[in-house]
1. So, in region 150-185, exactly how many residues are part of a helix (DSSP H, G or I), modelled with pLDDT of 80 or more and among the β-branched types (Val, Ile, Thr)?
2. Out of region 44-71, which residues are among the hydroxyl-bearing types (Ser, Thr, Tyr) and touching a residue at least 24 places away in the same chain (Cβ under 8 Å)?
3. Can you name the number of the only condition in (1) surrounded by fewer than 18 Cβ atoms within 10 Å (Cβ to Cβ); (2) touching a helix residue (DSSP H, G or I) at 6+ places or on another chain (Cβ under 7 Å); (3) modelled with pLDDT under 95 that Leu23 fails?
Amino acid sequence: MKQPTFLEGALLALVAALAGTVLFSALNLILPADTTLRLLVSLLSLAYTGYLMFRSRERLGRITALGSWILTSMTGFLLAPSLLIFVLLHCGFIWIIRSLYIHNGVLAAIADLALTALSLAAAVWATVQSGSLLLSLWCFFLTQALFVVIPKSWSGKQVRSEPAEAGFEQAYQTAQRALSKLVSG
């Protein structure tokens, strides 16, 4: 599977902004605004987390990540005193998922944390300037799309992506040579 691109992220940002705005308008007719916003944040967080896991090559821990999202959302609904804390909780969850599933190093995860903070700042700026949910969501997710420019790992070592069979074959041959040395001499 090829790596995500910024263009793909920008398209996702547009879809998320449009879907979020339509969903807010529909749910706000039957639910209070605060509850609607919390539900919207939770659903968009789930959708974005699903996108990240779909685009990741890592296959382990997906059920655990889904369970963690459910726990995060329920905890936020029950314990978060304000919408801001609820949003921060979900942004932190997105950052952790991206750090675990997309990036390979600590420096890349720290850069991603800075990107997440920048995304929140862009969304707040859009809200203050326009008061538009559509623009706020668009700015947040468009800034999030920049995660593709963060190097996967800044550890200084080259990350090898060889098949497991090749690694096993190399270990097998090394063991055979060692055994030959022991037997012959």
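1. So the count comes out to 1.
2. If the condition is that a residue be among the hydroxyl-bearing types (Ser, Thr, Tyr) and touching a residue at least 24 places away in the same chain (Cβ under 8 Å), then Ser45, Tyr48, Thr49, Tyr51, Ser56, Ser68 are the ones that fit.
3. Only one criterion is unmet by Leu23, namely (3).
For every residue, the table says whether it meets (1) free of Cβ contacts under 8 Å to residues at least 40 places away in the same chain; (2) outside any helix (DSSP H, G or I); (3) surrounded by 20 or more Cβ atoms within 10 Å (Cβ to Cβ).
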{"position": "Ala114", "(1), (2), (3)": "yes, no, no"}
{"position": "Ser119", "(1), (2), (3)": "yes, no, yes"}
{"position": "Ala122", "(1), (2), (3)": "yes, no, no"}
{"position": "Trp138", "(1), (2), (3)": "no, no, yes"}
{"position": "Leu142", "(1), (2), (3)": "no, no, yes"}
{"position": "Ala145", "(1), (2), (3)": "no, no, yes"}
{"position": "Val148", "(1), (2), (3)": "no, no, no"}
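One line per residue, one yes/no per condition, for (1) over 21 Å from Leu133 (Cα atoms); (2) surrounded by 18 or more Cβ atoms within 10 Å (Cβ to Cβ); (3) in contact with a strand residue (DSSP E or B) (Cβ under 6 Å, 6 or more places away or on another chain):
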residue	(1), (2), (3)
Leu27	no, no, no
Leu60	yes, no, no
Ser68	yes, no, no
Thr72	yes, yes, no
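The values are calculated or read from the model by the stated rules, or taken from the named source; none is laboratory data. Source: prediction; values computed, not measured. Every residue, glycine among them, receives a Cβ derived from its backbone with ideal geometry; neighbour counts consider all protein chains shown.
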